[in-house]
Structures are given as C-alpha cells and as structure tokens.
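Just below is one structure, and these are the notes that go with it.
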Amino acid sequence: MALVKRKLYQRLLFFAVFLPISGVLCFSELFFIKEPHDVTAMRREAVILDCQAHGESPIDVRWLKNGVKVVENERVYMLSNGSLYISEVESRRGDKSDEGLYQCLAQNKYGAILSQKARLTIASISSFAIQPTSIVVTQGSVARFSCKISAHPPPIITWEFNRVTLPLSTERITVLPSGVLQIHGVQRADAGNYRCIATNIASRRRSTEATLTVMPAPSPQLPQRPRIIAGPQNISVSLHQNAILECMATGNPRPIISWSRADSKSIDVYNTKVLGNGNLIITDIKPQHGGVYMCRATTPGTRNYTVASANVTVLAPPSLVEWPESLTRPRAGTARFVCQAEGVPTPYITWLKNGEKVHSNGRIKMYNSKLVINQIIPEDDAIYQCQAENEQGSVLSMARLIVVMSEDRPSAPRNIRADTVSSSAILLAWERPLYNSDKVIAYSVHYMKAEGLNNEEYQVVIGNDTTRYIIDDLEPARNYTFYVVAYMPMGASRMSDHVFQHTLEDVPLRAPELSLTSNSPMDIQVSWQPLPDKLSRGRVSAYRLAFRTSAENTVAQVELPGEKTQHLLENLQPDTIYLLRIVAATSIGWGEQSAWTSHRTPKASSARVPLAPDLHLEPLNCTTILARWQLAPRNSASVQGYRLFYHEESQAENAPVQLRASANTHTIGGLDPRKKYHVKLLAYNFVGDGYQADQTISTPGCVSVRDRMVPPPPPPHNLYAKTNSSTAVLLHWGRPAFTSSHAVNYTVRCNPVGLQNASLVLYLQTSEQSLLVRDLQPNTRYEFAARLHIDQLSSPWSPVVYQSTFPDAPTLPPSNVKVTMIEEDTALVSWKPPDEPNVAVTHYTILYASRHAWIAGEWQVLQREGSITMALLENLKPGHFYLVKVSASNDMGDGPFSHMVELTVRADLSSGHDPRLSRGSAHSTAFSDGFYHLDQKSMTGITVGVCIALICIIICAFIIICRGKNRKFSAVKMYREGENTSASAAAHLSSLGQAESADVTVPMMSQNHFIDTKPSTEKKDKWFSFSSNVKKDNMSVQNMRHGTTSFQPGTTVLTFEEELSMSPDQPTTPQALLWSPGDTEGSSNSESSHATGDSGRYSHDETEMTNLSSGPSSRPPSLTAEDSGGSDCSSPAEEPGEPLGKSQTDLKLMESIKSGCCHQEPQSCSQSALSLQVCGHVPECV
C-alpha cells in the first residue's frame, strides 16, 4: 500500500512541476528566422525587406507600413517566403512615398508576433546648410573653411582649389569627414578659390566658392600665446559610428595639441587616432568612449596653454536586460510579465498582444515595465511582446500565456462588504460560493487604489476557514476597490463583485520643508511645498508658522489657511539670526512640528551685494541631493562666486563649499538616509556676502529587501568571461564563502544581448567552477549569469557580465557594386556590405586599374572605413577602360574581392552613345568573372549566330575533306607557274615552313598591329600578306609588303600595313578586346605580375585574367593549333601515284599552304577564292 501511495505521489509531483515548466520551455510555436533591417535605396531601385517566420503551419504573414497594412499591387507585393518586394522605390510626397517604417506580422493558431521596425530611406542630398566663406589670413598662419549638408546616406566631402581636387591629407592640408578644410602654415601659393564637393549615391553638389587671401607676415614676428580657433563641439554619435573632435590652434611658435579626458581615464588608443595636426577621431565608438574630452594647445617649452572641451554622448539602440518568460496559468489566475531595457536615450516600453498594443483596463495593468493580467480569461491565451524603442531603433521579446481551463470550478464568493476600521485599515467580509463551496481550498483578496491610472494591484491569499480579512497597510484618506476569488485544486472561480471603501483621515505625518530668503534687510520670505498625499494623510486645513530670534525665547505665531504655500515676515531686525518652524493640520488635528530653521537677515547697508539666489533642492537617491539655483532676475550686482553650506538637522554647520560664478548646480553626496538637512546658499562679490537662501530637505529611505523565512544561498561571485574564439566563450567564477556538506551545482544562463525570443535562452548545468560555452554566433555580444543550487535551494542570479565573440573574417564580397561616372575624370563607386550576418567590417579595399595596368598587375588601391560604402575614383584618363573590384576586411582577415565591374571613360563626351557605360544605359554590359553579362536580346542574337557558325563550320569541313586533293594540285600548279618570277618569295616561305616553332601574331584593336605572344622569341622574321586574284588558269602573288618589327620588354610587337579588303568599321570582338600578351601570365609563370608588385592578397587576380581568355586555354584557338605542332591540321597521306621527284621546296610550300588553310576561319573559305597566307595571320577570305 505504501508503494502505491509513493507512486501516486510521484505522478502528482511530476504533473505539478511539469505543467508550468512545459509551457515555458516548449514555446517555439512561432518566431522569426529573418526580420527586416534598415535600408537606403535609390529612386526606382528594387528593394527586398526580409521576413521569414517559423512555426506550426499555416502561418499568415502581413506587412505594415507606419502601422497600417500594406496594400499589394504590381509594384509592391509579397514573395513566397514572406519577404516584401518593391520593384521600383518611389519618393513622391505624402502617403504615396515608399519611405517609412515597415514591420512584418506573422500569425498562426497560437497567436501573432510583430517584427522589429525597419526604416526604408530613399537616397537624397539637400542643399548646403553652411557654405564656405572667404577669409583673409597672414602668411604662415592657419586657414579654415567649413561646409555642412544633409544627405542619406552620409556624403563624401572633398574640396577643390581653383577647380582642382585637393588631396584628403597632406603635411599641411587636412580634410575632415565632417566637411572642414584645414590649412596649416599658409603659403602665398595657397591663395585662390576653394569650394566644397558633397557626393553620395543620389547626386553630387558643389558649394559656392570662397576666396583665401594671403597677406604678407609682419617682420619680425612677435610671440603669440596659443589660441584655439576651432575647438571640439558637443556631439551625439550612434553606436559603432565615428566621432570627430576638431581642434585647430594658432600661435607663435606653433602650439602643440594634446588630448585628455576630464574624468582622468585613459583615451582608447586602439579606436582613436589623430588626423592632421590635432583632430581626434574615435572609430567604432562604444559606450565607454562617452565623456568629456579636452583639447589642450601648449606653446612648446613653456607653460602657456589654453583648453577647449566637448562632451561625447554615445547613442545606443535598446537592448533588453530582462525579458518576459512564458507562463502557464489557470483561469481566473494572475500573470505577471517583466521587461526591462537599456539604451541611450532611455527606451520607451510598449506591450503587444498578438501584434496589437495592450491597453490598461480593470484587469490589465502596466506599470514600471511590468504587465499584470488579473482574473485571467480564455481570451488572454496569446503571445505577448515587449517592445523597447528609442530614436536609435527598437527591439522586441516575446512570451506566451497559456490558460489552463477547468470545468468543475466553484461559483464566485457572494455578498462582499467593506467597512472602514481606521485611517489605514478596512475590514472585508463575504459569503462562501453557492456552488462547490466544499471544494474551495483558499481565497484570494485583491485590492488597489480606486483613483488614478496604472495603480498596482495587491493580492493576499488566506485559508478556507474564514470569510473575513482586515487589510491594514492602506494609506489614510484614500479610496480603494476590493474583490475576492475562490480557489480549488484545478482552477479558480470568477471574481466577486467589486466593492469600494475609503480610509479615514489622520494627522499629517510630518511638517512641510521651509525655504527662506530675504528681499531686504527687514523681511524674510517663507515658502514651502504642499505635502504629498502620503504625508498629509488627508486634506490640509491649516498651517501654523512660528518664529523668534536666536537671542530671545519669545515665540511669535502666525496661523495660515491650508491653501497658502508662502508668507512674508516683515518689520524684522537687520543682520539678525531668526529661527522658524511650521506645522500642518487636517480635520483630525495638528501634526508634528518641524525643527527650527535659522536664517540671518542682511545688513542694513547701501552697498550693492548680490540678492539671494533662487534655490531648488532635489533628492537623487537616499544619500545624494542635487542643488540647483539661478540668480534673481532683478539682481544687478556682480557675482564673484557662491558659498554653499549644509548640515544635518541638530548638527553643527560644516565649512562652506566654494563654487565658481559660472556654476548653477552642485551635488551633495555622502548623506544618511531618512535624515533632514539644512542647505544655505549665498553669492558674494568684492563688496561682501550677498543675501542668503535657506532650504530644508529630507533624504528618502533606501530600498531594502524583505526578510525571508529561509534565506537563499549567496550567488557565485567574480563571474568572469573571456572570449576563446568566434564561437566560444570561457566562463569561470568563485564559490561563495559558506560551509555545507551538500554538493553544489551551477546553472549558467547565456543569451545574446537584445534577445527577442525568451525560449531561445540557453541554460547550461555544471558542477565545476568554469564552463566553456560553445556554438555561439560570431561577432555577437552575449550576456552571462550564473546561480548555484544546494540542498533544494537556489541562489539569485549573479550580476550579469557581457562578452562579445570574435568576428569571423568575411567570407563573401561586398554586394551590389556599382560604378557611376559623375564627371569627365571622376567616378563614384558604391557597394553594400557583405550579405552575411554577424560579420563586422572594419575597412573596405577598392582596387581599380586601366586595362593596360591591369594586364601588368598594377592596381591602384583605396581604403575606406567600415562604415563608409562609397569612394571616389579620381584622375581617370579619357578613352580608357577601367576594372574595379571591392573587398571587405576586419581584424580577423580579408574577404574575397567582388566581381570586377568595367568602366569606360569616354574620350569625348559629346560623341555618340557608348554602349559599354557601366550603368545608366539600356545596353550596359557588366564585366564579371571574366565574362560579359548581356541582356536577353543580346543573348538571343549570340545564340542564333553561334548556330549559324556551327552550320558553316560543318559545311566548310565537308568541302575541305571532299576537295582537298583538288586544292592541293591547284596550289602545286600555281607554284610551278610562278616559280621563275617569285623564287625569292618561295625560298622565304620554304625557310618559314621549316621553322619548328613559328611565331604567332594575334589581331589587337586594329588591323595594322600584331603582338607576339611568345615573349622569349627574339627572331626577326619577316611577315608577308598575300592578296590573291583567283582566275581559272593561273594565280599570282601581288602587293607583298614587309612588316615593321619592334620590341618591348618580354614581348615582340610586329606591325605592318595590309591591303587586304576589310571593312574599316568592322566591330571588334570581345575576344579581340580582351586578348593581350598579359593574358599569358595566367597560363604558367606570371613574371610580369611579380615584377609589378601584384602579389600577396591580390594574387588571385592572375586567375581572373586567365578566365578572360576566349576559351579553356589562355591562348586563342589559332594559337592552340599551332602550338600543338600542327598535327591536327595535317592533310591526308600522300597519294601513292604522285611523283616522287618533287623538289624539297615544293613539299615545304605545300605544307605551308595546307597549314595556312587549316588555320583560317571556316566561314571565310570560298570555292571560288583562295587566300595564300601565313598561319599566324588570320584575315577573313573575301
């Protein structure tokens, strides 16, 4: 029997524990895999906003723009995976613009969730808000121009001097990204016109020109103290952006500029650098970089210096430090969700239920980042989200509330009554439920204040043996509302009817705090703040003000009505100490009097001393008070400084605190909680002390933790996190100092900062004091906490520590690389960051080169910060082709380069349309991976052309095979007929035919230029071009010219003129355009590339050049055939009937003829025409 009871108890215990936990740990019914992110696009550009939800099907996805459902049309529609596609972004005014905040709403049978907000911004650039202005400076001094403009994305700022672009940084010239141009050591040659150029992907704007006039320096030059002419300004910078603090000083001799922090902390040397002659730039700014920075300009070898300072505020998007957890609650129960977030500015928290905003009502309350749902009903079963939002962004976290239903529940308690017992107690009574009252195991009494919004509801649970309860922790003179709920093991009843009751008034808990000033030597202005409701404990009906001098015991009293908050005491004695106190009363009686407060009336003198400041005191916490003041508006006397006195009530006055005349606040710290302090402030000047202001304030009590019946064990201490790799973090901690014989286990909590799905929090168990947390995401900031478990007790969580995993090196290149010509010799290259999550980019590398420089491996290199996605390519040469590619890098390594983009710089902008412009043309051709990417019409034309070419090849091959014998005998006959007249030419052809390795030429850009692709060949062979006029009986060789041979390092270039009939405007094929001697580097040895320094990380350029060739080999087909020795072109074997007495010259000439025919394009061959030519020269047969 005992065994059966034990098993039954174990099963009940299992269900009691598993039921609430299962609802928390098994919540993965709906969550987002991908959410939309902020994007900046150009007008008429296509945009995709990602949204992918995972959960139990079916999942319905909708999109919201600025909180309103997006209406789909032909231009804006949703993709199959839930993402939103906008084919052409529009920027029209009003609601027709696509700009705004977008959110994705996913819903299934469990509820609905809303994604984070993503802002779609259309690229734009406005007019200049600040234009540069003309200045006059002396030779050897400094000059500064500035401009300011608003643009999305932020523009690149450059400067021009007399319409010529200035370098970004030289020894004397510095261009700040903020739009400032600094010139140190001005020279006469610097005189001229300067203007600012702002460029982004939307457009380019030029400012008006400003003139710099340089005057001759006086002689001799006199020493000058250092003077800061452009100091740092207070700035607010978003997290991970760059902050620029300008500091420009002048003096004689030239001052030295140094930087420091006002809080004496060291400046981060890893993220901070000096630009130019003293400007401070903080890259990848983080919260620890916030603070006051001071620029100091010092004359060398002296103590003469001047200082300028500025405050750097780091703006951070919201991140959750505590998120709601999924709950399982019975019907009529209470659910509490907690959500806390941090960020700068402080985030605003909103609660959502199934994607819609939650509003407070009688059952649902929101206060202090909490959501409390009382008297749960089935409709409360939903997915709840906490949304924290500020100007920098938003973050959401979700949790589900599961409502457990029970059919056999009791009815609600009846006849509830409330009677006032005192100013702080009310008696509540009720009757048992009418149905199933025997199953009630407990009652729950709920009460809260009836006035105001978002009042917190309190709950008290009592046993089933009573139907009366006294609530005795209420505030006096307040209205309260009450209701009662009956509970049974498997559920709760409906709530009873509400009943309202108020508590009685009481005497005030304490007196108001006085503020004393004097307007003249014979009066005291007494003022006070009304008591808060918690202290007044009813309506204040009267005040009694008592005062006397410190030398007399006679007390005078003035009784004032309860509505007054100030009183002027007149006809007093000058330069006399007066003591004052006040007491408040309600209808019940007088409260406790305040302590005596002292005040000295001013001296009776005609001297002009400062009047009393307007003083305000505010408690910051239980040990700190903030004093704020300002001079009286009618004060006309000068002020040299302030003296601040403060002391605890009934204690001696401390020595004054001396404050500067510019000060208007002071923090008083190190005070005791729940104490009353007297604060006195006066201003002084050379005449003497001014009128004083006296005020009294009480420090609040510190928040204390309630004592527990069984105190929990202390949490682990000294939790420390250290990054091991991009996917692992090592944690170790110390065990608290307590003695116990029980085993100690630990739970480690791990989650990314700003986690949105509470069910994805990772909990790890261990019995050691260290743990390696694996399988983390790269470049992600995690928060860790630990708690210990001992003897069925769990400690609180330890303080949270934060640690980021190392980033991975980029594995993808930047995407959407575009190059746009914006001027005759300037192009703007823009790109988007690599499309891979959790990979930080610290800088981008831009390589660009003209076609000839690219062949030689000579790239020009630009680098930009990771936050910049644009760069200017300047001083481009007209009439050249340029190749551009971009890679992303970080501290962990360099990523691959993007596909190369081709750019054509036209020699004459007024000439016709160039079909190969990089963008902006319907016929534009992208150059990527060594191939041309063409549009659909071009591809169709190429396909048809290739088919026709294949048919011609087959036909020509068939004709060549069938009539090879006839052509051979015709060639021999032709040779014999012209043997006497062209013996020298035949001899030359014979010697050429004997060469084992004949030189090869390829047409390059022109019919008159040929380049030898064998760089090691140094032979000076003469090349001939034969033009044939075919007749039926004979053939003659005409118009033979010798080519001109020239040499270049590593190559042999042969040029000659040809009289062969060819069309002068025949288009150049892509193979001819791309083929060059440099392509041979890709085949085996790339000596030319190494000689030009193209090595290291750029070594993969050789492969790209190899891919540019017209086939699998790095050489054209005509070269491949000849390099193979001509075996594929050999004619059929000699007929046995041919004469064996042919001369050796005849045979060699026949071999040369056959080789030449084989190397011709099949399409150019004709039955009625025969062109006799060298294999390396492949013109068309007409």
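With the contact rule set at Cα under 8 Å and sequence spacing of 6 or more, what percent relative contact order holds for the range 204-264? Don't skip to the answer; put the middle values down first.
On the way: 45 pairs, mean separation 20.1, N = 61.
The value is 33 percent.
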At 7 Å along Cα-to-Cβ for each site, give me the label-to-label distance between His732 and Leu762 in nm.
2.0 nm
Protein chains only, probe 1.4 Å: how do Met495, Met366 rank by accessible area, largest first?
Met495, Met366
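Taking R0 as 41 Å, what's the FRET efficiency between Val338 and Glu431 from their Cβ-Cβ distance, rounded to 0.05? Show your work: numbers first, answer last.
Working: r = 36 Å, r/R0 = 0.88.
The value I calculate is 0.70.
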Sort Glu570, Glu858 from largest to smallest accessible area, using a 1.4 Å probe on the heavy atoms of the protein chains.
Glu570, Glu858
Might you work out the accessible area of His502 for me, using a 1.4 Å probe with all protein chains in place, and round it to the nearest 10 Å²?
90 Å²
Could you pull the accessible area for Asp614 with a 1.4 Å probe, rounded to 10 Å²?
70 Å²
Two pseudo-spin positions, 7 Å from Cα along C-beta at Lys148 and at Gln566, lie apart in nanometres by 3.9 nm
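Return the FRET efficiency for the residue pair Lys722, Ala129: r is the Cβ-Cβ distance, R0 is 45 Å, and the value is rounded to the nearest 0.05. Don't skip to the answer; put the middle values down first.
On the way: r = 47 Å, r/R0 = 1.05.
Efficiency, from the Cβ-Cβ distance: 0.45.
Show me the ranking of peptides 309-317, 70-78 by mean Cβ neighbours inside 10 Å, starting with the highest. Before the final figure, lay out the partial values.
Details: 309-317: 18.1, 70-78: 13.3.
Listed from highest to lowest mean packing, they are 309-317, 70-78.
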Length gained, Asp825-Asp419, 0.36 nm per residue minus C-alpha separation, equals 137.1 nm
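Any chance you could list the semi-axes, whole Å, largest first, of the equivalent ellipsoid that the Cα gyration tensor gives for the range 799-864, using √(5λ)?
34, 14, 10
For the range 133-271, what does the accessible surface come to per residue with a 1.4 Å probe? Please give it in Å².
On the way: 7240 Å² over 139 residues.
With all protein chains present, the range 133-271 gives 52 Å² per residue.
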Using Cα-only point scatterers and the Debye equation, what is log10 of I(q)/I(0) for the range 70-196 at each q in 0.09, 0.14, 0.18, 0.21 Å⁻¹, rounded to two decimals?
-0.50, -0.74, -0.98, -1.21
Stretched fully, the stretch from Ala46 through Thr302 gains (0.36 nm per residue minus C-alpha distance, one decimal, in nm) 86.0 nm
Report the extension gain between Arg660 and Thr138 in nm, rounded to one decimal, defined as 0.36 nm multiplied by the number of residues separating them, less their alpha carbon distance.
184.1 nm
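Taking a 1.4 Å probe, which of Met448, Met522 shows the most accessible area, and what order do the others take after it? Let's see the in-between values first.
Working: Met448 25, Met522 95 Å².
Descending order: Met522, Met448.
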Quick check for you: which residues of the range 539-581 have the amide N under 19 Å from the point 7 Å beyond the Cα of Ser598 toward its beta carbon?
546-556, 573-581
Could you list the residues of the range 570-591 with an amide nitrogen less than 11 Å from a label point located 7 Å from the Cα of Val555 in the Cα-to-C-beta direction?
580-583
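Nearest 0.05, what FRET efficiency do Thr211 and Ser91 give at R0 = 45 Å with Cβ-Cβ as r?
0.75
The values are calculated or read from the model by the stated rules, or taken from the named source; none is laboratory data. None of these values were measured; they are calculated from a predicted model. No Cβ is skipped: glycine too gets one built from the backbone with ideal geometry, and neighbour counts run over all protein chains shown. Quick note on the areas: whole protein, heavy atoms, side chains included, nothing else; ligands and nucleic acids left out. Shrake-Rupley method; radii C 1.70, N 1.55, O 1.52, S 1.80 Å.
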